[in-house]
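**Q** Have a look at this one.
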Amino acid sequence: KEMLKYECVAPLVDLVKSIPASLSVLHIEKSGGLPAEEVAEKLQAGLVLSKATYTYEMLEHKNVDEGILQYLNRHPADLLAMVAHRHGLMARLFGETHTPHLAFAVDLPLLILKNRP
């Protein structure tokens, strides 16, 4: 995975500051504990988002899409923003991407942020 860059989330940070709105960052963990390779990514995300006030939420769920939907059922939102990661051909072919499913599963505006190199 690529490290999150500020340029990716800048539109969201600007939106949150201009309204003002609250921002919740959700991480779905598939199994107990954060894998070592994701610790640096989490720290980088915290640094990138430090220009906005936000809460960090972690939810353990075996399915990321279902975890997001479960969270949204308990915590109503006005907008769902997701960071699109680059996926290889196999991931795209075998449905390991989350955005297309969630686009149809939620009744919210969906903001897709691309983390470009």
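The values are calculated or read from the model by the stated rules, or taken from the named source; none is laboratory data. For clarity, every value in this text was computed on a predicted model and none was experimentally measured. Note that each Cβ is placed from the backbone with ideal geometry, even for glycine, and that neighbours are counted across all protein chains shown. Surface areas here come from the heavy atoms of the whole protein model, side chains and all, with no ligands, DNA or RNA. Shrake-Rupley method; radii C 1.70, N 1.55, O 1.52, S 1.80 Å.
**Q** Out of the residues in the stretch 71-96 that are open to solvent by less than 60 Å² (accessible area, probe 1.4 Å) and within 14 Å of I28 (Cβ to Cβ), state the one that is modelled with the lowest pLDDT.
**A** V83
**Q** Now for a different question. It is to be established whether one or more residues within the stretch 56-66 are out of contact with any strand residue (DSSP E or B) (no Cβ under 8 Å at 6 or more places or on another chain), open to solvent by less than 70 Å² (accessible area, probe 1.4 Å), under 20 Å from H101 (Cβ atoms) and of a type in the set (D, E, K, R).
**A** Yes, because at least one residue in the stretch 56-66 is out of contact with any strand residue (DSSP E or B) (no Cβ under 8 Å at 6 or more places or on another chain), open to solvent by less than 70 Å² (accessible area, probe 1.4 Å), under 20 Å from H101 (Cβ atoms) and of a type in the set (D, E, K, R).
**Q** In the stretch 43-67, how many residues are within 20 Å of N115 (Cα to Cα) and either within 14 Å of the chain's Cα centre (by Cα) or among the aromatic types (F, W, Y) (or both)?
**A** Selection size over the stretch 43-67: 9.
**Q** Let me ask something else about it. Any idea which residue in the stretch 15-31 is nearest to P76 (Cα to Cα), counting only those that are aliphatic (A, V, I, L, M) and assigned to a loop (DSSP other than H, G, I, E, B)? Before the answer, list the steps.
**A** Applying the first criterion (aliphatic (A, V, I, L, M)) to the stretch 15-31 yields 15-16, 19, 21, 23, 25-26, 28.
Subsequent filtering for residues that are assigned to a loop (DSSP other than H, G, I, E, B) retains 19, 21.
Numbers: I19: 17, A21: 13 Å.
For the stretch 15-31, the residue satisfying everything is A21.
**Q** Within the stretch 1-20, can you find the residues that are open to solvent by less than 60 Å² (accessible area, probe 1.4 Å) and closer than 13 Å to T53 by Cβ?
**A** Within the stretch 1-20, L12, V13, V16 meet the criteria.
**Q** Being at pLDDT below 85 and surrounded by 16 or more Cβ atoms within 10 Å (Cβ to Cβ) is the filter here, so list the residues in the stretch 30-55 that pass it.
**A** Listed by number, the list holds a single entry, E41.
**Q** Of the numbered conditions (1) modelled with pLDDT of 80 or more; (2) surrounded by fewer than 16 Cβ atoms within 10 Å (Cβ to Cβ), L26 satisfies every one except a single condition; which is it?
**A** That leaves (2) as the condition not met.
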